[in-house]
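The values are calculated or read from the model by the stated rules, or taken from the named source; none is laboratory data. Since this is a predicted model, take the numbers as computed values, not measurements. Counting neighbours? That spans all protein chains shown, and the Cβs are built from the backbone with ideal geometry, glycine included.
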Amino acid sequence: MPKPNFFIIGEPKCGTTILHNYLSNHKDIFMSKTKEPHYFNTDHHQEAIQLNGEGKTKNSIFRYINKEDYLSLFEQANKEQKIIGESSTNYAYSKLAAKEIYNFNHNPKLLFCIREPLSFLQSWHSQIYKTGSEFIENFEEALISEKDRKKGKKIGKRTKYSSLLYYSEWIKFTEHLQRYLDYFPKEQIKVVIYEEFKKDNQKTIDEITDFLGVDRMKIDYKQANITPKTKLTKFLKSKNIFRRFFGKILPLSFRKKWGIFVDYIDSKIDKKTNTLSLDAKTKLMKQFKPEVEKINDLLHKHNLIDPEIDLVKYWGYDKV
């Protein structure tokens, strides 16, 4: 049975969905149809069991917790495809995934994506709020609540596992990457800067295909990151029976207006969750600056970033 030899390990909200989709179209690459199987972050499996109960974890939170189910994701890969991969964005955050992947395959190719910490956290908060793991709508209040959450307080009923809500832990990019450098040589790791990918999708894809040792591919430009929808807007815009029925009887002009209205609902939620004053933004950037300096140093130490890019300046942290 085919086994994966390529992993997009995270971080979330850094363009990984588009990367996964682009690479799925390459003739020599097989990417699992299920994005985010989250098989190797076994520490999160255990958290979910403790918080939600074992039965619920098996059935709805982590579907791929045994090897047979996981490997079934890759059984459709053909012999000509050199790269067999999956994308689970919590592998970087997990404290165990690097070791688990190493025990599974010593020689995989790993893609690690990062983004300016403040915009990353805002986007992450917005996603888990919309999908139900976070119940605190205000971003600043959610950050402040982390201390309580580490004590088991202020955890929502729909939270998948508690550490999803530990915001300060999510931006420890240096620690996340170092786990993989402890197990894998730097030649097996490719780092993608989200802002660079967003600026030029094609250039980033060319670099990734070169890294994977496959032919380059021409792509159509797309936005580098997809904003998640609420469960309501997902339903209203999904290809369900409701939409198929009304799609047959309602004129196209009305359906377009409906789509605009649904997107408006989502944009209103984004504005409410992500509003930050200039003072608050500056304060958080000062708080995050030491991490930016550390990840910048680590990437340059291992030649994992363009030598001309200084992330402190690139992300604007030299001004705080």
>> Exactly one condition in (1) out of contact with any Gly (no Cβ under 8 Å at 6 or more places or on another chain); (2) at pLDDT below 60; (3) surrounded by fewer than 16 Cβ atoms within 10 Å (Cβ to Cβ) is false for Thr233; which is it?
In response: (3)
> Among Lys172, Lys150, Lys186, which is the only one that is assigned by TED's automatic domain parsing to the domain that holds Gln50 and within 23 Å of Gln50 (Cα to Cα)?
Replying inline: Lys150
> Which of the residues that make up region 67-107 are among the polar types (S, T, N, Q), under 22 Å from Leu177 (Cα atoms), outside any strand (DSSP E or B) and in contact with a Lys or Arg (Cβ under 9 Å, 6 or more places away or on another chain)?
Replying inline: Ser88, Thr89, Ser94, Asn105
> Given the structure, is Ser32 over 25 Å from Lys172 (Cβ atoms), free of Cβ contacts under 8 Å to residues at least 24 places away in the same chain and in the same structural domain as Phe197 (by TED's automatic domain parsing)?
Replying inline: no
>> If Trp170 satisfies all but one of (1) at pLDDT below 95; (2) crowded, with 20+ Cβ neighbours inside 10 Å, what's the number of the condition it fails?
In response: (1)
>> Of everything in region 73-92, what is surrounded by fewer than 19 Cβ atoms within 10 Å (Cβ to Cβ) and touching a residue at least 40 places away in the same chain (Cβ under 8 Å)? Give them in sequence order.
In response: Glu75, Gln76, Asn78, Glu80, Gln81, Lys82
> Quick check: is even one residue across region 240-248 at pLDDT below 75, in a helix (DSSP H, G or I) and surrounded by 13 or more Cβ atoms within 10 Å (Cβ to Cβ)?
Replying inline: yes
> Can you tell me which residues in region 17-53 are under 14 Å from Val214 (Cα atoms) and either in a loop (DSSP other than H, G, I, E, B) or at pLDDT below 95 (or both)?
Replying inline: Asn25, His26, Lys27, Asp28
> Scanning for something at pLDDT 60 or above and not in a helix (DSSP H, G or I), does region 278-300 turn up at least one residue?
Replying inline: no
> Taking the condition surrounded by fewer than 19 Cβ atoms within 10 Å (Cβ to Cβ), assigned to a loop (DSSP other than H, G, I, E, B) and within 17 Å of the chain's Cα centre (by Cα), does Lys3 pass?
Replying inline: no
> Mind checking which residues of region 6-51 are of a type in the set (Val, Ile, Thr), within 23 Å of Glu68 (Cβ to Cβ) and surrounded by 22 or more Cβ atoms within 10 Å (Cβ to Cβ)?
Replying inline: Ile8, Ile9
>> Just the residues that are free of Cβ contacts under 8 Å to residues at least 40 places away in the same chain and part of a helix (DSSP H, G or I), please, taken from region 108-141.
In response: Ser119, Ile128, Glu141
